[in-house]
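S.K.: Take a look at this one; I'll ask things after.
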Amino acid sequence: MPYSTPPYLREGPRVGLRPFRPADGPEFTARVRESRALHRPWLFPPATLEEYGPYAAALAEGELRAGFLVCELADGAIAGFVNVNNIVRGAFQCGALGYGAFAHAAGRGLLGEGLDLVLAHAFADTGLGLHRLEANIQPGNTASLALVRGRGFRREGLSPDFLHVAGAWRDHERWARTAPTA
């Protein structure tokens, strides 16, 4: 079933990148519920429309965060999402990544393609204009570690008790990538 999609910010061979919209709530939350087994215990995106509204609105603000849906070009279906959170400007020009593929798209390389588009957008002067992106990943999340490793992120260390996830403080590996130099 084709979905109505606005123009994409960026397109790859199989996916397009666009901002979250209020109208995406029903599809996004349905995909989250279908993907619980894939996401747990690492990720807890909004699974209800009541949770989705404030989540999408915060991502649309653009000052401290930016959210992107990774959509299949063939039909516009949402395959996953990539958010740039905790954006700091000034001398730092950095943001922290959060992302997830949905179960129907997992293992097909669509999120990787989408993350490549986000990296290009985040580092471009015509995009977010950032210099550095960080990804903080729990050590047991092998799929997420492989995703950033395959995109040129470097491991910078381990942060014990770094983030409160699923009711406990969890260790996270710190990975980062800086903008390509000309």
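S.K.: From the list ALA77, ALA66, ALA103, ALA120, exactly one residue is out of contact with any helix residue (DSSP H, G or I) (no Cβ under 7 Å at 6 or more places or on another chain), farther than 15 Å from ARG14 by Cβ, in contact (Cβ under 8 Å) with a residue 60 or more places away in the chain and of a type in the set (A, V, I, L, M, F, W, C). Which is it?
M.R.: Only one candidate passes the filter, namely ALA120.
S.K.: Moving on. Quick one: is PRO26 loosely packed, with under 13 Cβ neighbours inside 10 Å and either among the β-branched types (Val, Ile, Thr) or assigned to a loop (DSSP other than H, G, I, E, B) (or both)?
M.R.: No: the conditions fail for PRO26.
S.K.: Given the criterion touching a Lys or Arg at 6+ places or on another chain (Cβ under 7 Å) and either among the hydroxyl-bearing types (Ser, Thr, Tyr) or within 18 Å of PHE81 (Cβ to Cβ) (or both), identify the matching residue among LEU147, LEU128, LEU119, LEU111.
M.R.: LEU119
S.K.: Something else now. Take the residues in segment 43-57 that are assigned to a helix (DSSP H, G or I) and within 14 Å of the chain's Cα centre (by Cα); name whichever of them is farthest from LEU163 (Cα to Cα).
M.R.: ALA56
S.K.: In contact (Cβ under 8 Å) with a residue 60 or more places away in the chain and exposed (fewer than 15 other Cβ atoms within 10 Å of the Cβ) - does that describe any residue in segment 5-16?
M.R.: yes
S.K.: If you go through segment 89-96 one residue at a time, do you hit one that is assigned to a strand (DSSP E or B) and crowded, with 20+ Cβ neighbours inside 10 Å?
M.R.: So far as segment 89-96 goes, yes, one or more of its residues are assigned to a strand (DSSP E or B) and crowded, with 20+ Cβ neighbours inside 10 Å.
S.K.: Return the total of residues in segment 29-41 being outside any loop (DSSP other than H, G, I, E, B) and either in contact with a Lys or Arg (Cβ under 7 Å, 6 or more places away or on another chain) or basic (Lys, Arg) (or both).
M.R.: Summing the residues that are outside any loop (DSSP other than H, G, I, E, B) and either in contact with a Lys or Arg (Cβ under 7 Å, 6 or more places away or on another chain) or basic (Lys, Arg) (or both) in segment 29-41 gives 3.
Every number in this text was worked out from the coordinates using simple rules, so none of it is lab data. Nothing here was measured: the structure is a model prediction, and the numbers come from that model. FYI the Cβ positions are ideal-geometry reconstructions off the backbone, even for glycines, and counts take in every protein chain you see.
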